[in-house]
1. Restricted to the range 218-241, and to residues that are assigned to a helix (DSSP H, G or I) and touching a strand residue (DSSP E or B) at 6+ places or on another chain (Cβ under 8 Å), which residue is surrounded by the fewest Cβ atoms within 10 Å (Cβ to Cβ)?
2. Has the range 74-81 got at least one residue that is surrounded by 14 or more Cβ atoms within 10 Å (Cβ to Cβ) and under 60 Å from the mean Cα position of the chain (by Cα)?
3. With the requirement that a residue be at pLDDT below 80 and not polar (S, T, N, Q), what does the range 35-56 give you?
4. Say whether the condition of being part of a strand (DSSP E or B) and either at pLDDT 80 or above or touching a Pro at 6+ places or on another chain (Cβ under 7 Å) (or both) is met by at least one residue in the range 202-217.
5. Taking the criterion of being touching a Cys at 6+ places or on another chain (Cβ under 9 Å) and modelled with pLDDT under 85, would at least one residue in the range 58-70 satisfy it?
6. Identify all residues within the range 206-241 that are touching a residue at least 60 places away in the same chain (Cβ under 8 Å) and not β-branched (Val, Ile, Thr); write none if there are none.
Amino acid sequence: MKFETKVILSVILSLTLGLSILNAVSVTLLKREIEKRVIREAELYSLLCQDNCTLPDYIVVSKGAIISDELKPVLKKKEKIFWINTRHIKNKLKEAALTIFLWEVTLLLFLSIVTAKFINRYLRQEKEIRDYLKIILLVFTHKLGNFLSLQRINLELIKSKCGPSKPLRRMEEGYELMEKNFFQLLSAVKELGSNEEVEPLNLKELIEELLKHFSHLLSEKKIYLSLKDVHFSMKRSDAENLFFFLLDNAFKYSSSKIWVRLGNLKGRPYFALCNDVSSAPLKGSGVGLELVKFICERYGIRYQVKRGRTFCIFLHF
């Protein structure tokens with residue numbers, strides 16, 4: 001079901017519920033007022049009409065009891081008993097209820113049309129802005145992709161001239177990591193505004209798959225894993241970006257050790273990622289962690305950061 005359809009249905013249901021409550025109160029009060037008015041009419045007729053008098057068809061006068069489900073005694077004066085026909089009250093209520101119903105249907109239709117127009121206009125503007133931003137990001141990633149391709153050519157030229165060496169290998173590893181970051185960013189840009197469905201994911205399998213991207217760094221960093229099967233529903237692309245940026249941040253800024261833990265605490269899933277801090281830490285732009293915060297807010301995941309001798313990030317699902 002589309003977002004705008006859900007909003008319109010929610011507005012209609014909310015208004016219908018609110019109006020139903022008001023109708024119930026209004027009908028109860030209206031019934032009392034009609035009964036009071038009819039009783040007052042019976043009192044006036046009892047004062048004005050002594051013997052023969054033409055009465056409305058909903059008021060009946062008798063000298064004794066009348067056995068009828070539709071007649072209700074409201075006044076006794078001398079030997080006369082005044083009765084009112086309850087069908088008259090019901091008919092009056094039906095007329096009032098029909099009038100109220102017609103006005104409310106008109107109101108609901110009018111508000112539904114206004115809400116639909118407002119939502120469509122808002123979504124159209126949002127789509128235009130999102131498409132424009134997506135184009136800008138695609139242009140930027142295209143330029144960055146060209147730059148990375150050029151650096152790949154430069155590395156190959158250096159390798160052909162100088163031969164393999166340890167510094168060159170480190171440059172290649174840095175390039176490969178940058179390239180993986182680039183493709184992850186490109187994937188995130190392409191998924192922007194997509195209709196990808198939310199699905200239950202095994203986060204353990206996802207993290208294990210993402211760790212393969214950092215296999216070339218495992219010889220330099222010691223990683224301690226404690227992963228248990230945890231399932232959480234979200235878009236796969238969002239989950240991949242969330243954990244990739246977290247792991248990338250840990251591998252990039254750690255000195256030598258990284259701790260990764262996934263499990264349940266008091267019946268609720270959690271993820272913890274800690275790394276020791278380099279003696280000469282590099283300062284990044286912080287864009288990766290901002291993207292992590294954005295994804296966490298999107299799915300209601302509680303995000304915590306603790307800084308000290310180690311840098312730790314906790315996610316509570």
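1. Arg236
2. Within the range 74-81, one or more residues are surrounded by 14 or more Cβ atoms within 10 Å (Cβ to Cβ) and under 60 Å from the mean Cα position of the chain (by Cα).
3. At the first step, the residues of the range 35-56 found to be at pLDDT below 80 are 45-55.
If the condition is that a residue be at pLDDT below 80 and not polar (S, T, N, Q), then Tyr45, Leu47, Leu48, Cys49, Asp51, Cys53, Leu55 are the ones that fit.
4. First, pick out the residues of the range 202-217 that are part of a strand (DSSP E or B): 202.
Narrowing the set further to residues that are either at pLDDT 80 or above or touching a Pro at 6+ places or on another chain (Cβ under 7 Å) (or both) leaves 202.
Yes: one or more hits.
5. Taking the range 58-70 and keeping what is touching a Cys at 6+ places or on another chain (Cβ under 9 Å), we get 61.
Subset that is modelled with pLDDT under 85: 61.
Yes, that holds for at least one residue.
6. Correct list: Phe232, Met234, Asp238.
The values are calculated or read from the model by the stated rules, or taken from the named source; none is laboratory data. All values reported here derive from a predicted model rather than from experimental measurement. Methodologically, a virtual Cβ is constructed for each residue, glycine included, from the backbone with ideal geometry; neighbour enumeration extends over all protein chains shown.
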